[in-house]
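Below: one structure, written as structure tokens.
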Amino acid sequence: MAFVHWDSIRLLAVQQRVEGFAPGPAGWVPPVDLYEAPDRYVITAEVPGLRREDVEIHVGERRLTISGTRRERVASCERFHRLERGHGSFSRTFDLPVPFDPSRIAADLRDGVLTIVCPKDGSEVRHIHIA
């Protein structure tokens with residue numbers, strides 16, 4: 001019997017392709033980059049048009065969830081000719097292979113990009129405030 005070694009980058013690419021074909025019920029899912037450094041995980045999400053109070057971050061043992069809502073744009077017009085920017089609620093959950101320290105997580109929202117830094121080591125549950 002032959003065993004296949006799964007390359008984590010290749011597996012991530014497959015997951016991204018699958019998620020790209022299955023957007024949330026509102027028709028949008030913010031694109032996310034997640035990388036690991038020796039001492040931390042860094043997650044960046046593109047959330048243009050969202051304010052800090054529109055986004056929530058919840059963490060637990062090896063799991064981080066980003067959720068939020070983009071409000072529907074109201075435009076006084078006769079009809080839309082193209083409507084590509086989704087609105088409504090979204091939620092993205094990430095299971096990280098190594099525990100991270102919730103007490104030292106930092107989050108920042110600038111220029112439509114949410115950046116979350118998760119230092120490794122820890123396992124308590126906490127709600128994160130976005131700076």
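The values are calculated or read from the model by the stated rules, or taken from the named source; none is laboratory data. Here the structure is a predicted model, which means the values were calculated and not measured. Don't worry about glycine lacking a Cβ; one is built from the backbone with ideal geometry, like all the others, and counts go over all protein chains shown.
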Search the stretch 97-122 for residues that are within 9 Å of Tyr41 (Cβ to Cβ) and surrounded by 14 or more Cβ atoms within 10 Å (Cβ to Cβ) and pair each with any residue that is at pLDDT below 95 and of a type in the set (Ser, Thr, Tyr) when their beta-carbon atoms are under 7 Å apart and the residues are at least 6 apart or on different chains. Phe100/Tyr41; Cys118/Tyr41
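Just to be sure I understand, how many residues within the stretch 101-113 are part of a strand (DSSP E or B) and either of a type in the set (Gly, Ala, Ser) or touching a Leu at 6+ places or on another chain (Cβ under 8 Å) (or both)?
Going residue by residue through the stretch 101-113, those that are part of a strand (DSSP E or B) are 106-110, 113.
Subsequent filtering for residues that are either of a type in the set (Gly, Ala, Ser) or touching a Leu at 6+ places or on another chain (Cβ under 8 Å) (or both) retains 106-109.
Qualifying residue count, the stretch 101-113: 4.
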Cross-chain or 6+ apart pairs with Cβ under 7 Å, the stretch 73-84 first and closer than 15 Å to Gly49 by Cα, then modelled with pLDDT under 75 and aromatic (Phe, Trp, Tyr): none
Any residue at all in the stretch 44-54 that's on the phi > 0 side of the Ramachandran plot and either modelled with pLDDT under 80 or of a type in the set (D, E, K, R) (or both)? no
